[in-house]
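The values are calculated or read from the model by the stated rules, or taken from the named source; none is laboratory data. It should be emphasised that the depicted structure is a prediction, and the values quoted were computed from it without experimental measurement. Backbone-built Cβ (ideal geometry, glycine too); neighbour counts: all protein chains shown. The accessibility values were calculated without ligands, DNA or RNA, using every heavy atom of the protein model including side chains. Shrake-Rupley method; radii C 1.70, N 1.55, O 1.52, S 1.80 Å.
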Amino acid sequence: APLYWYAPKGLNSARIYFTCHNFEYQGTASASELASCGLDAQELNRPDRMQDNTAHDSVNPVKGAIVFSNIVMTVSPTYAQEVRTAEGGKGLHSTLNSHTRKFMGILNGINTDAWNPRTDNFLKVQYSANDKQGKAENKAAMRRNLGLSSADDQRPVVGCITRLVPQKGVHLIKHAIYRTLEMGSQFVLLGSCPVPHIQREFEGIANQFQNHEHIRLILKYDESLSHAIYAASDMFIFPSIFEPCGLTQCLYKRFTL
């Protein structure tokens, strides 16, 4: 949005719509970096423009998007209220409150055609609310695929599909892995991690349980496996510290019917 107003390259009279899924990620950088894309730091590194609200020698691209867009959107009406507070706004609450007339939330959603156990080609067996035998067959297939014990068909499977970042309550996920084992269930985690120390920590846990018959950690993105875990799990954990919308909850609900 700042590029449109200060380095125009056509698009005369265009209106700018900015949507932000999570205000925790703001892309702050040194104000001098603006020169790399043809913008003037002196012009934009101001409190009413792109200057970060806490580090005044830095610019905040998300703040710039809020200031210079015509409409600002986020992924739920509740989250739109939360980010107007000091706790939820991650430093941007004052900016969002200054531009509240153009800021709103529209509830996010999922593609119910792609995520439909009745037609899902990623599943071993499709199933429905009227025929849940397929869910048991998917559970057995996932166990075979991941090398988990299938000696007890009634042993519950606890699933977790998430990004392994502090927002997602990683300390609670670690606790859940060990607690699940103590209570006689199986635990499957699928998740990638952009934070090096968290990645190393979970790699250590994955190695610890590498050959365990009831625990499996898969530390990557895998769309087909995510469908299989949703279909196979008896329970799911969602230990988020905060959640802009909660797509994982929506997805799991689809597969529990």
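Given +1 on the Cβ of Lys and Arg, -1 on the Cβ of Asp and Glu, and no further charges, what dipole in debye does the stretch 132-255 carry about its Cα centre, rounded to the nearest 20?
Taking the Cα centre of the stretch 132-255 as origin, the dipole is about 200 debye.
Taking all protein chains in place and a 1.4 Å probe, what share, in percent, of the accessible surface of the stretch 1-42 do carbon and sulfur account for?
Carbon-and-sulfur percentage of accessible area, whole number: 55.
Between Tyr17 and Arg46, 0.36 nm times their residue separation minus their Cα-Cα distance comes to what?
Roughly 8.2 nm would be gained on extension.
What residues from the stretch 228-253 fall in the zone where the backbone N is under 15 Å from a label point 7 Å along the Cα-to-C-beta line of Val125?
Answer for the stretch 228-253: 231-233.
Grab the Cα-Cα distance for Thr85 and Ser192, subtract it from 0.36 nm times how many residues apart they are, and report the gain in nm with one decimal.
35.6 nm
So which lysines can Lys124 reach, going by Cα to Cα under 26 Å and dropping same-chain residues fewer than 8 places off?
Partners within reach: Lys132, Lys135, Lys139, Lys220, Lys253.
If you filter the stretch 1-110 for GluC sites (Glu not before Pro), then keep DSSP loop positions with at most 14 other Cβ within 10 Å, what is left?
On the way: sites: Glu24, Glu33, Glu43, Glu82, Glu87; in loops: Glu24, Glu87.
For GluC sites (Glu not before Pro) across the stretch 1-110 that sit outside H, G, I, E and B with at most 14 neighbouring Cβ atoms in 10 Å, the list reads Glu87.
What does the extension gain come out to for Asn97 and Glu201, with contour length at 0.36 nm per residue minus their alpha carbon separation?
Between Asn97 and Glu201, full extension yields an extra 33.6 nm.
222 nm [θ] for the chain, helices only, -39500 (n - 2.57) per DSSP H run of 4+, per residue, to 500?
Helix contribution divided over all residues of the chain: -9500 deg cm²/dmol.
How high is the FRET efficiency from Thr54 to Asp113, r the C-beta distance, R0 35 Å, rounded to 0.05?
About 0.20, to the nearest 0.05.
Give me the percent of DSSP beta bridges within the stretch 132-255 that run antiparallel, rounded to the nearest 5.
0
Roughly how many Å² is the accessible area per residue of the stretch 179-257, as a whole number, for a 1.4 Å probe?
Accessible area per residue, the stretch 179-257: 48 Å².
Considering only C-alpha atoms, what is the centroid distance from the stretch 164-194 to the stretch 199-257, in Å?
8
Take the solvent-accessible surface of the protein heavy atoms, probe 1.4 Å, and return the percent of it on the stretch 155-257 that carbon and sulfur atoms account for. Walk me through the numbers on the way to the answer.
Details: 2540 of 4670 Å².
Within the stretch 155-257, the accessible surface is 54 percent carbon and sulfur.
What FRET efficiency comes out for Gln210 versus Cys250 if R0 is 30 angstrom and r is the Cβ-Cβ distance? Round to the nearest 0.05.
For Gln210 and Cys250, the calculated efficiency is 0.40.
Tell me, what ³J(HN,Hα) does each residue in the stretch 147-156 have, in order and in whole Hz, if you take phi through Karplus 6.51 cos²θ - 1.76 cosθ + 1.60 with θ = phi - 60° and put x for Gly and Pro?
x, 8, 5, 10, 4, 10, 4, 8, 5, x
Chymotrypsin sites (Phe, Trp or Tyr not before Pro), restricted to the stretch 181-257: which are DSSP loop and have at most 12 other Cβ atoms within 10 Å? Can you show the working numbers first?
Details: sites: Phe187, Phe202, Phe209, Tyr221, Tyr230, Phe236, Phe242, Tyr252, Phe255; in loops: Phe209, Tyr221, Phe242.
The qualifying sites are Tyr221.
Using only Cα atoms, tell me the angle between helix 247-256 and the longest principal axis of the chain; keep it within 0 to 90° and round to the nearest 10.
The helix 247-256 is inclined about 30 degrees to the chain.
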